[in-house]
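The values are calculated or read from the model by the stated rules, or taken from the named source; none is laboratory data. Keep in mind that what you see is a predicted model, and the values were worked out from it rather than measured. Positions of Cβ are generated from backbone atoms using ideal geometry, with glycine treated the same way; all protein chains shown enter the neighbour counts. The protein model used for the area step is the full one, side chains on, heavy atoms only, and it has no ligands, DNA or RNA in it. Shrake-Rupley method; radii C 1.70, N 1.55, O 1.52, S 1.80 Å.
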Amino acid sequence: MKTKTPSVDQLVVNLSGGNQQKVVIAKWLIRNCDILIFDEPTRGIDVGAKSEIYHLMNELAKQGKSIIMISSEMTEILRMSDRIVVMCEGRKTGELDIAGATQESIMHAATLRD
């Protein structure tokens, strides 16, 4: 996981945000789950850690793992998704294949009202 820490005795709470994220992900991987839910996986972490987490997510997908990513970052959604389900106020308002997804189509689905 390339976690950066001064020693193995370091408390996770004292690590950077990106390294804390990596520790959480490592705990999931030990359990060998087939479906992983990443909720705002890169919020509050630096660009280098984001890149490492994106790489890890891609590797997990290549291994046949299913990943559900919840994100409010449009660029992250468009970069990392195969399919996008848009929700607004607790209900599904759209589903887009990545081939046809744009920022505009996502925002349109996000603002649909009854």
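Computed extension length for R31-L112: 25.3 nm, one decimal, from 0.36 nm per residue of separation with the Cα-Cα distance subtracted.
For region 46-114, trypsin sites (Lys or Arg not before Pro) are listed when DSSP marks them as loop and at most 13 other Cβ atoms sit within 10 Å of their Cβ; the list is R113.
Accessible area per residue for region 1-88, computed on protein heavy atoms with a 1.4 Å probe, is 66 Å². Take T3: with every protein chain present and a 1.4 Å probe, its accessible area is about 50 Å².
For the residue pairs K2/K65; K4/K27; K2/K92, the alpha carbons lie more than 26 Å apart in K2/K92. Reducing region 74-95 and region 2-60 to their Cα centroids gives an inter-centroid distance of 22 Å.
Carbon and sulfur together cover what percent of the accessible area of region 15-114 at a 1.4 Å probe radius? List each step's numbers first, then the result.
Details: 3330 of 6390 Å².
Solvent-exposed carbon and sulfur of region 15-114 make up 52 percent of the total.
Across the options G64, Q10, I37, the greatest Cα extent toward the positive end of the charge dipole of region 5-77 (unit charges at beta carbon of Lys, Arg, Asp, Glu) belongs to G64.
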